[in-house]
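Report on one structure; see the data block that follows.
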Amino acid sequence: LRGATSLEFALVLPIIVALFSGTIDGAMFLCQRAAVIDAANAGARAGAVSGDVDAVIDDATAAVIAKLAASGFAGEGATVTATQVEGSAPLVRVEVSVPFEGFVGLLPMPATLSAVVTVRYENTSAT
């Protein structure tokens, strides 16, 4: 029975490591997902309050890229699509997609994080 403790440790250690790694992957996923959603919100807001109708898409895209950079994303593989949706109320739609790579990869996670935000355009030049 001298080696019972060592044997138990050897049996339990892989389970503990797997749980710890899965927790880190899950936390990284949630943190990066929140950053992508926040970047999409910032881009949509920047486009919505843009005073120049022609610069809405450029303003929205620049805001998304700046927010992603501030959140620690280097920008490789990030896809940003900003569009103006015409209709009874003009809208600004921002779609952001960023590849996700987990820490260990034990949990099944999506390969990309994406967010879509649509807001109503606010013409601030009229006020």
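Short version: ³J(HN,Hα) in whole Hz for each residue of the range 17-32, in order, from phi by Karplus 6.51 cos²θ - 1.76 cosθ + 1.60 (θ = phi - 60°), x for Gly and Pro, what are they?
5, 5, 5, 5, 5, x, 5, 5, 4, x, 5, 4, 4, 5, 5, 5
Take the range 1-84, compute every pairwise Cα distance, and split them into 5 Å bins from 0; I just need the percent in each bin.
3, 14, 16, 14, 10, 8, 7, 6, 5, 5, 4, 3, 3, 2, 1, 0
Report the relative contact order of the chain, percent, no decimals, based on alpha-carbon pairs under 8 angstrom and at least 6 residues apart.
Dividing the mean separation by the residue count of the chain yields 30 percent.
Please list 3-11, 19-27 highest first by mean number of surrounding beta-carbon atoms within 10 Å per residue.
Packing proxy ranking, top to bottom: 19-27, 3-11.
Excluding ligands, DNA and RNA, what is the solvent-accessible area per residue of the chain at a probe of 1.4 Å, expressed in Å²?
63 Å²
The values are calculated or read from the model by the stated rules, or taken from the named source; none is laboratory data. Here the structure is a predicted model, which means the values were calculated and not measured. Quick reminder, even Gly has a Cβ in these numbers, built from the backbone with ideal geometry, and neighbours come from all protein chains shown. Side chains are part of the model used for accessible areas, which takes the heavy atoms of the whole protein and leaves out ligands, DNA and RNA. Shrake-Rupley method; radii C 1.70, N 1.55, O 1.52, S 1.80 Å.
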